[in-house]
Amino acid sequence: MLVVAFSTFCGAAYGAAGSWVTELPSVLVAMSDRASTSQPIVPPATAQVGDAVIGRIHWRFEAPVGVPMNAWLCHPEQCVPLTTMRGMTSALAGKQIDGPMHFNFSLAPGQRPARVQKLQVIVNYQ
């Protein structure tokens with residue numbers, strides 16, 4: 001797993017804010033009735049997020065062409081359906097950043113197993 005942390009300080013009036021990025025290993029998705037889960041998405045130790053909350057999350061993954069795939073980005077409190085292989089969401093804004101997130105994937109009924117690759121998230125926090 002490659003983890004790189006970026007962080008900036010916005011001054012005492014605004015508190016600390018920043019972002020971090022991580023890439024995850026591929027996920028073999030084999031079923032339509034049960035989701036396959038990625039490794040946990042957690043801030044790197046170098047990010048020093050403290051009590052920060054999520055602002056925006058950018059995601060990216062690659063699924064095989066022509067394989068219908070259901071995808072979600074999940075926080076312990078909520079899962080967000082992902083309708084494209086890359087995008088941005090603020091649906092998890094305000095949630096604690098230290099809860100491990102993860103991707104969930106499932107196949108459309110009747111599909112053969114497929115591997116989802118190049119999973120990446122960029123988490124902006126405040």
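Bear in mind these aren't lab numbers, they're just calculated from the coordinates by the rules spelled out. Predicted model, so just to flag it, every value in this text is computed and none were measured. As a convention, Cβ positions derive from the backbone with ideal geometry for all residues, glycine included, and neighbour counts pool all protein chains shown.
Return the sequence-ordered ³J(HN,Hα) values of region 90-95 in whole Hz as given by the Karplus equation 6.51 cos²θ - 1.76 cosθ + 1.60 applied to θ = phi - 60°, using x for Gly and Pro.
10, 4, 9, 4, x, 7
Rounded to whole Hz and in sequence order, give me ³J(HN,Hα) for region 72-80 from the Karplus expression 6.51 cos²θ - 1.76 cosθ + 1.60, θ = phi - 60°, writing x for Gly and Pro.
9, 9, 10, 10, x, 9, 6, 10, 10
Give, as a single signed number, the net charge of other residues whose beta carbon lies under 10 Å from the beta carbon of LEU92, with Lys and Arg counted +1 and Asp and Glu -1.
+1
Once label points are set 7 Å from the Cα along Cα→Cβ at both VAL65 and ARG115, what is their separation, rounded to one decimal in nm?
Taking the simple label geometry, VAL65 and ARG115 are separated by 1.8 nm.
Which whole-number percent is the relative contact order of the chain (Cα, under 8 Å, 6+ apart)?
On the way: 311 pairs, mean separation 48.9, N = 126.
Relative contact order for the chain comes out at 39 percent.
Viscosity 0.692 mPa s, temperature 37 °C: what is the translational diffusion coefficient of the chain from Stokes-Einstein with a Kirkwood Rh over Cα pairs, rounded to a whole number of µm²/s? Walk me through the numbers on the way to the answer.
Values: Rh = 15.1 Å.
Result for D is 217 µm²/s.
How many nm is it between the label spots at THR46 and GLU77, if each spot is 7 Å from the Cα in line with the beta carbon?
2.9
Count charges around ILE122 for me, please; just the other residues with Cβ under 14 Å from its Cβ, Lys/Arg as +1, Asp/Glu as -1.
In short, +3.
Report, in debye and to the nearest 20, how large the dipole of region 3-125 comes out about its Cα centre when Lys and Arg carry +1 and Asp and Glu carry -1 on their Cβ.
340
Among ALA114, HIS58, GLY87, flag the residue with its Cα farthest along the positive direction of the charge dipole of the chain, charges on Cβ as +1 for Lys/Arg and -1 for Asp/Glu.
My answer, from the dipole projection, is ALA114.
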